[in-house]
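J.: Provided herewith is a single structure, encoded as structure tokens, for subsequent inquiry.
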Amino acid sequence: MAQNVTQKIIAAHLLAGEMQPGSAIAIRIDQTLTQDATGTMAYLQFEALGIPKVRTELSVSYVDHNMLQSGYENADDHRFLQSFAAKYGIHFSRPGNGICHQVHLERFSRPGRTLLGSDSHTPTSGGAGMLAIGAGGLDIALAMGGLPFHLTMPQVIGVKLIGRLQPFVSAKDIILEVLRRKTVKGGVGKVFEYFGPGVAHLSVPARSTITNMGAELGATTSVFPSDEVTREYLRAQGREADWSPWVADPDASYDEVLEIDLDALEPLIACPHSPDNVKKVREVAGTPVAQVAIGSCTNSSYTDLMTVAHMLAGKVVADGVSLGISPGSRQVMEMVTRDGGLLRFIGAGARILESACGPCIGMGFAPPSEGVSVRSFNRNFYGRSGTKNASVYLASPETCAACALTGVITDPRDLGLAPISVSLPHQFLVDDRMILPPAAEPGKIEVLRGPNIARLPTYGAPTEELRGPVLIRLGDDITTDHIMPAGAKVLPLRSNLPAISEYVFHVLDESFPARAKAAGKGFIVAGQNYGQGSSREHAALAPRYLGVQAVLVQSFARIHLANLINFGILPLTFVQPQDYERIAQEDELSLDLRALDLHKPLTLRNLTQNFAIEVLPQLASERDLALIRKGGALSWARENLEKSA
């Protein structure tokens with residue numbers, strides 16, 4: 001039977017279940033990655049499993065998020081991560097080596113392999129033909145322990161690319177067009193696979209821009225074929241031996257097909273405050289701009305930055321505009337410097353930021369009050385930039401450069417510049433000295449723990465009845481940034497659950513932690529697409545710490561749903577979506593769990609308003625049910641590993 005690329009990779013890694021869309025499956029994971037904002041908790045969870053060494057083909061710990069060391073917390077975490085990696089068989093990418101997704105694409109991506117990462121933009125490596133999936137840290141801990149990754153078999157959406165991109169139109173515009181058509185809800189339960197004659201004209205860095213920002217669709221992942229373009233990229237990285245061909249069979253089918261004519265595509269821009277609020281740049285042209293940021297794991301490759309360097313050559317950014325540029329990796333920084341790009345950035349008045357996530361996660365370079373910031377990033381959620389009343393737009397590096405030069409939102413084609421073509425180098429500068437291999441004698445390594453690293457909490461099985469108030473009632477598209485903010489103030493507390501829990505829903509309702517602790521237990525009620533965005537498991541772990549027992553919504557985002565189950569929070573949806581309107585904040589609810597089972601509704605009683613409605617537990621498998629009954633995945637995994645031992 002003919003298969004597409006997604007089906008081929010899943011079939012090669014399938015351990016349980018049937019490859020029918022919507023069915024529960026389990027796959028073998030070859031590689032894992034973590035970053036420092038999620039890694040400390042993931043490794044504490046792995047340690048709790050009692051396994052002496054990771055059981056994956058490759059695991060890498062990156063440091064790229066908590067780089068602003070205004071206190072001891074981040075430095076202590078980095079020291080913990082380095083010592084932990086050395087002891088447990090994990091490679092460690094040191095601070096300054098670059099953003100996890102850019103570095104992993106460069107140095108570790110392997111076509112046909114599976115990669116599970118504790119960051120939602122892990123699909124970046126799908127640009128090199130990997131099945132790369134973002135997940136919560138606990139899922140990564142289990143995968144490092146040799147356990148399979150459980151998911152729902154996705155539908156595969158084929159995106160057929162025809163034609164060729166025109167000057168000053170880039171890969172970022174392709175994914176913005178997909179987001180315009182499908183929205184941030186349109187990818188749930190789906191993989192987006194790119195095919196067609198237009199694919200051959202896209203380099204691996206361009207492909208990875210598309211797969212990276214495909215996370216904003218809510219998709220399981222996105223993937224490109226591994227073809228001669230992939231081979232050329234890996235050869236230039238000195239890794240041709242890692243290449244293997246993974247292309248769809250000629251008569252492969254897809255559950256749905258989108259077609260994009262690259263010849264007709266023009267510069268696009270995502271307007272505040274959602275990546276799918278996409279318009280043509282010409283429609284918002286002339287809007288005054290206060291800040292421009294170029295970089296992030298989406299658009300910080302050599303080709304992206306050298307294109308910007310050519311656009312800035314001999315020019316200076318407009319009055320009143322602050323331009324920040326963050327190369328994606330040490331490799332990119334060195335090559336851009338060698339080839340004259342850095343001098344052009346400095347000459348144009350740009351601020352050169354660290355090779356790290358930085359402003360994308362609100363870690364510095366926040367916009368001014370009520371300012372417009374145009375960024376080559378992947379998210380523009382309300383408040384994420386660090387300035388609540390800022391207006392953040394998302395665009396290609398070319399459009400960002402045009403905005404920096406003119407001081408207003410500008411279509412780069414209107415600058416009157418000659419077309420710019422930056423080719424991939426035949427050979428990248430390869431220097432892996434900033435990636436430390438595991439220790440040769442792990443028994444001699446002491447794991448170093450700072451005082452900010454708190455003890456890992458454990459939870460028991462739920463009671464037969466869940467009863468408590470509605471602690472907060474929310475609308476649609478609540479992101480993990482709303483639930484558990486990032487930024488320079490909060491991220492250093494990722495290792496300290498009691499401390500970070502004080503910031504749950506801080507953007508929306510600063511009183512939530514105090515009210516939740518006073519109640520001791522309760523429910524969260526929300527609308528559609530609850531938990532979109534980041535993979536950060538703290539958006540489930542911290543509410544659990546505050547006593548949240550269940551979350552009742554109209555629909556969930558994929559990763560957050562899995563994180564809720566992993567930490568023993570019961571995820572529920574309304575059987576009748578209109579029942580959402582009937583429940584108010586502070587209503588007292590009661591749910592009898594004795595009838596809890598797969599695919600069977602439960603009766604939820606509103607004790608305050610004296611009515612009952614049906615709700616459906618969002619549990620896809622017997623494993624999900626077991627996790628809830630055990631109080632979370634850690635207790636379940638520990639028990640199963642003991643049995644297998």
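J.: Quick one: in region 347-402, of everything that is assigned to a strand (DSSP E or B) and of a type in the set (S, T, N, Q), which residue is surrounded by the most Cβ atoms within 10 Å (Cβ to Cβ)?
T.: Top of the filtered list is SER373.
J.: On to the next question. Out of everything in region 407-429 that is surrounded by 19 or more Cβ atoms within 10 Å (Cβ to Cβ) and in a helix (DSSP H, G or I), what residue ends up being nearest to the chain's Cα centre (by Cα)?
T.: PRO412
J.: May I pose another question? Being out of contact with any strand residue (DSSP E or B) (no Cβ under 9 Å at 6 or more places or on another chain) and either exposed (fewer than 12 other Cβ atoms within 10 Å of the Cβ) or among the aliphatic types (A, V, I, L, M) (or both) is true for just one of GLU581, GLU622. Which residue is that?
T.: After applying the criteria, what remains is GLU581.
J.: Additional query: Evaluate region 91-107: report whether one residue or more is crowded, with 23+ Cβ neighbours inside 10 Å, modelled with pLDDT of 95 or more and under 23 Å from GLN3 (Cα atoms).
T.: So far as region 91-107 goes, no, none of its residues is crowded, with 23+ Cβ neighbours inside 10 Å, modelled with pLDDT of 95 or more and under 23 Å from GLN3 (Cα atoms).
J.: Determine which member of the set VAL504, VAL470, VAL490 is more than 27 Å from the chain's Cα centre (by Cα) and buried (at least 17 other Cβ atoms within 10 Å of the Cβ).
T.: VAL470
J.: Which of the residues spanning region 569-590 are under 12 Å from LEU466 (Cβ atoms) and either in contact with a Lys or Arg (Cβ under 9 Å, 6 or more places away or on another chain) or basic (Lys, Arg) (or both)?
T.: The answer is ILE569, GLU588, LEU589, SER590.
J.: Filter region 432-455 down to residues that are free of Cβ contacts under 8 Å to residues at least 40 places away in the same chain and closer than 27 Å to ILE99 by Cβ, then give me how many there are.
T.: Total meeting the criteria: 1.
J.: Here is a list: ASP227, ASP263, ASP251, ASP173. Which entry is touching a Lys or Arg at 6+ places or on another chain (Cβ under 9 Å) and either in contact (Cβ under 8 Å) with a residue 60 or more places away in the chain or farther than 30 Å from GLN528 by Cα (or both)?
T.: Exactly one of ASP227, ASP263, ASP251, ASP173 is touching a Lys or Arg at 6+ places or on another chain (Cβ under 9 Å) and either in contact (Cβ under 8 Å) with a residue 60 or more places away in the chain or farther than 30 Å from GLN528 by Cα (or both), namely ASP263.
J.: Identify the single condition in (1) farther than 18 Å from HIS65 by Cβ; (2) within 18 Å of the chain's Cα centre (by Cα) that THR124 does not satisfy, given that it satisfies every other one.
T.: It fails just one condition, (1).
J.: In region 204-238, which residues are surrounded by fewer than 24 Cβ atoms within 10 Å (Cβ to Cβ) and within 22 Å of PRO250 (Cα to Cα)?
T.: Within region 204-238, PRO225, ASP227, GLU228, VAL229, ARG231 qualify.
J.: Does at least one position in region 604-614 carry a residue that is among the β-branched types (Val, Ile, Thr) and surrounded by fewer than 22 Cβ atoms within 10 Å (Cβ to Cβ)?
T.: Yes.
J.: So, one more: For region 133-150, how many residues are surrounded by fewer than 24 Cβ atoms within 10 Å (Cβ to Cβ) and not in a loop (DSSP other than H, G, I, E, B)?
T.: Here the count works out to 2.
J.: Please give the number of the condition VAL63 fails out of (1) in contact with a Lys or Arg (Cβ under 8 Å, 6 or more places away or on another chain); (2) at pLDDT 95 or above; (3) of a type outside the set (Gly, Ala, Ser); (4) surrounded by fewer than 24 Cβ atoms within 10 Å (Cβ to Cβ).
T.: (4)
J.: Given the structure, is ASP261 touching a strand residue (DSSP E or B) at 6+ places or on another chain (Cβ under 7 Å) and surrounded by fewer than 22 Cβ atoms within 10 Å (Cβ to Cβ)?
T.: yes
J.: Now for a different question. Considering every residue within region 384-394, establish whether at least one is at positive phi and at pLDDT 95 or above.
T.: No: zero hits.
J.: Against the definition (modelled with pLDDT of 95 or more, in a helix (DSSP H, G or I) and outside the structural domain of PHE108 (by TED's automatic domain parsing)), how does GLU283 come out, yes or no?
T.: Yes; evaluated as a whole, the condition is true for this residue.
J.: In the set THR32, THR6, which member is outside any helix (DSSP H, G or I) and at pLDDT 95 or above?
T.: Testing whether each residue is outside any helix (DSSP H, G or I) and at pLDDT 95 or above leaves just THR32.
J.: Among the listed residues PRO543, PRO492, PRO485, identify the single one that is within 27 Å of CYS357 (Cα to Cα), assigned to a loop (DSSP other than H, G, I, E, B) and of a type outside the set (D, E, K, R).
T.: Of PRO543, PRO492, PRO485, the one residue that is within 27 Å of CYS357 (Cα to Cα), assigned to a loop (DSSP other than H, G, I, E, B) and of a type outside the set (D, E, K, R) is PRO485.
J.: Return the total of residues in region 440-493 being closer than 26 Å to SER83 by Cβ and not β-branched (Val, Ile, Thr).
T.: Matching residues across region 440-493 total 20.
J.: Would you confirm, using the coordinates I've provided, whether ILE352 is under 25 Å from the mean Cα position of the chain (by Cα), in contact (Cβ under 8 Å) with a residue 24 or more places away in the chain and farther than 30 Å from ALA219 by Cα?
T.: yes
J.: Go through region 569-588 and count every residue that is outside any strand (DSSP E or B) and touching a Ser or Thr at 6+ places or on another chain (Cβ under 8 Å).
T.: The total comes to 3.
J.: Does region 9-29 hold any residues that are among the charged types (D, E, K, R) and either surrounded by 19 or more Cβ atoms within 10 Å (Cβ to Cβ) or over 21 Å from PRO123 (Cα atoms) (or both), and which are they?
T.: Hit for region 9-29 is GLU18, nothing else.
J.: Please determine whether any residue of region 557-565 is touching a Lys or Arg at 6+ places or on another chain (Cβ under 7 Å), buried (at least 17 other Cβ atoms within 10 Å of the Cβ) and aliphatic (A, V, I, L, M).
T.: No, region 557-565 has no match at all.
J.: Taking the stated definitions as given, is ALA595 more than 21 Å from the chain's Cα centre (by Cα), in a loop (DSSP other than H, G, I, E, B) and surrounded by fewer than 18 Cβ atoms within 10 Å (Cβ to Cβ)?
T.: Against the criterion (more than 21 Å from the chain's Cα centre (by Cα), in a loop (DSSP other than H, G, I, E, B) and surrounded by fewer than 18 Cβ atoms within 10 Å (Cβ to Cβ)), ALA595 qualifies.
The values are calculated or read from the model by the stated rules, or taken from the named source; none is laboratory data. Quick caveat: nothing in here was measured; it's all calculated off a predicted structure. All Cβ positions, glycine included, derive from the backbone under ideal geometry; neighbour counts span all protein chains shown.
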